[in-house]
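Have a look at the structure below, then the notes.
The values are calculated or read from the model by the stated rules, or taken from the named source; none is laboratory data. Please read these numbers as outputs of a predicted model, since none were measured by experiment. Here Cβ is always computed from backbone atoms with ideal geometry, including for glycine, and neighbour counts include all displayed protein chains.
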Amino acid sequence: MDARAVRRHFPILNQEVNGRPLVYLDSAATSQKPLAVIEAVDRYYREQNANVHRGLHTLSERATQALEEARAKVARFINAREPAEIIFVRNATEAINLVAYSYGARLREGDEILLTPMEHHSNLIPWQLAARRSGARLRYIPMNPDGTLDVTDLDRLITPKTRLVALTHVSNVLGTINPVAEIVQAAHREGVPVLVDGAQSVPHMPVDVQALDCDFLAVSGHKMLAPMGIGFLYGKRELLEGMEPFLAGGEMIAEVDLERATWAELPHKFEAGTPDVAGAVGLAAAIDFLNDLGMEAVFQHEQELVRYALNVLREVDGVTIYGPEPPRGGVIAFNVEGIHPHDLSTVLDQEGIAIRVGHHCAQPLTEALGVPATARASFYVYTLPEEIDALARGIERAKEFFAHGIRR
Ligand SMILES: Cc1ncc(COP(=O)(O)O)c(C=O)c1O
């Protein structure tokens, strides 16, 4: 993959920030958008905009067709059996909340939900609330010191009380790629469904829900070149059919009288209200863009960047890097001795370098690492090795700056 050629499709990257060429190393928070996506959204509003599923007029039919074509494209992208297994939502957070409320409604006192200590808050708090509502208990697959999951005791952790396993495919802090297929197999032996948080995997590697055999998959479009405000939940038909709706209102009903209502067929049962059609159109364009690159090539590009970054950053004195050896996701969390990550970020920002600092919405994990916060550089299809060199130079400058400050 020629990242330099890919980069030309991203207008935002071609600018200076604080007088320096922008070095955007925060793609795990949100990706930048290629022209093809920006133009698809623009075209939708210029030529197709109308409310969907409601009107018989031509524009409404066009908008409905655009939405349903986007759904079919998403289904093919993750190899779902049918488009009806794709529910459009705002983001991965909403997708997980949908499952936590609708599937979680069947939880009872003493039931167990199995998670991992590396979950993003999006895949932790909804389960804490579901546990609070039902009296269910949260349990955790332990983590090895290198940031991989310790799955040796999985058969003991999945008990007759386990009702669901929910875990991230790729850690947004450590980059760990979890052995999802293996965990799904162990869970299914006990008849337990598995929700996979695909927020950091689907944008970066080939993901095939039938090969993984996961029961739910939550994804945010904005991390995979699509606009903010569109995401999707994949769920197996038999599970989705057995669940009550999450949100209620227009679009999701079959028949309504003043006392009761019956639900529309999948996927509409879970899509109350007017959907983000422009977002779905943008997501479809993003998927076309990624398919043109090839998801295997995207994954390999990031593996090269991760290996390069590990080599470069390990040469910088005082840098501690967290997470396992590659292959791993294109995120590198680190700390620089004697410099708080927030101060580091401020200095880097002056150099036009955007990284993320804090607990990255995974506070229990940051605590397990024994630090108050980390800095995180994250990569995507447009990231160049030179940008990692710029990061290393920026860290050296921050070190000089703070050493100088202390001397004075
Ligand atoms: C692993 C993981 N899960 C879930 C989310 C939540 O994504 P969103 O805020 O788009 O819902 C993120 C976002 O950073 C993430 O990294």
*Go through segment 100-128 and count every residue that is within 16 Å of D197 (Cβ to Cβ) and either more than 16 Å from the ligand (Cβ to nearest atom) or buried (at least 20 other Cβ atoms within 10 Å of the Cβ) (or both).*
15
*Verdict on S134 being of a type in the set (S, T, Y) and surrounded by fewer than 24 Cβ atoms within 10 Å (Cβ to Cβ)*: yes
_Members of segment 334-367 found to be in contact (Cβ under 8 Å) with a residue 24 or more places away in the chain, away from the ligand (no atom under 16 Å from the Cβ) and more than 17 Å from V23 (Cα to Cα), listed by number_ = F334, N335, V336, G338, I339, H340, P341, H342, D343
*If you check Y24 against the conditions, is it hydroxyl-bearing (S, T, Y) and more than 16 Å from the ligand (Cβ to nearest atom)?*
no
*Please enumerate the residues belonging to segment 201-256 that are among the basic types (K, R) and within 11 Å of the ligand (Cβ to nearest atom).*
K223
*asked:* What pairs come out if I take residues in segment 88-99 that are among the polar types (S, T, N, Q) and pair them with residues that are more than 9 Å from the ligand (Cβ to nearest atom) and modelled with pLDDT of 95 or more whose C-beta lies under 6 Å away, six or more apart or interchain?
replied: N97/P126
*Quick one: M205 ticks every box in (1) over 24 Å from G104 (Cβ atoms); (2) without any contact (Cβ under 8 Å) to a residue 24 or more places away in the chain; (3) of a type outside the set (V, I, T) bar one, so which box is it?*
(2)
*Where residues in segment 60-99 are among the polar types (S, T, N, Q) and in a loop (DSSP other than H, G, I, E, B), which of them is farthest from the ligand (Cβ to nearest atom)?*
N79
*Any idea which residue in segment 158-200 is nearest to D215 (Cα to Cα), counting only those that are in contact with a Pro (Cβ under 8 Å, 6 or more places away or on another chain) and within 16 Å of the ligand (Cβ to nearest atom)?*
V165
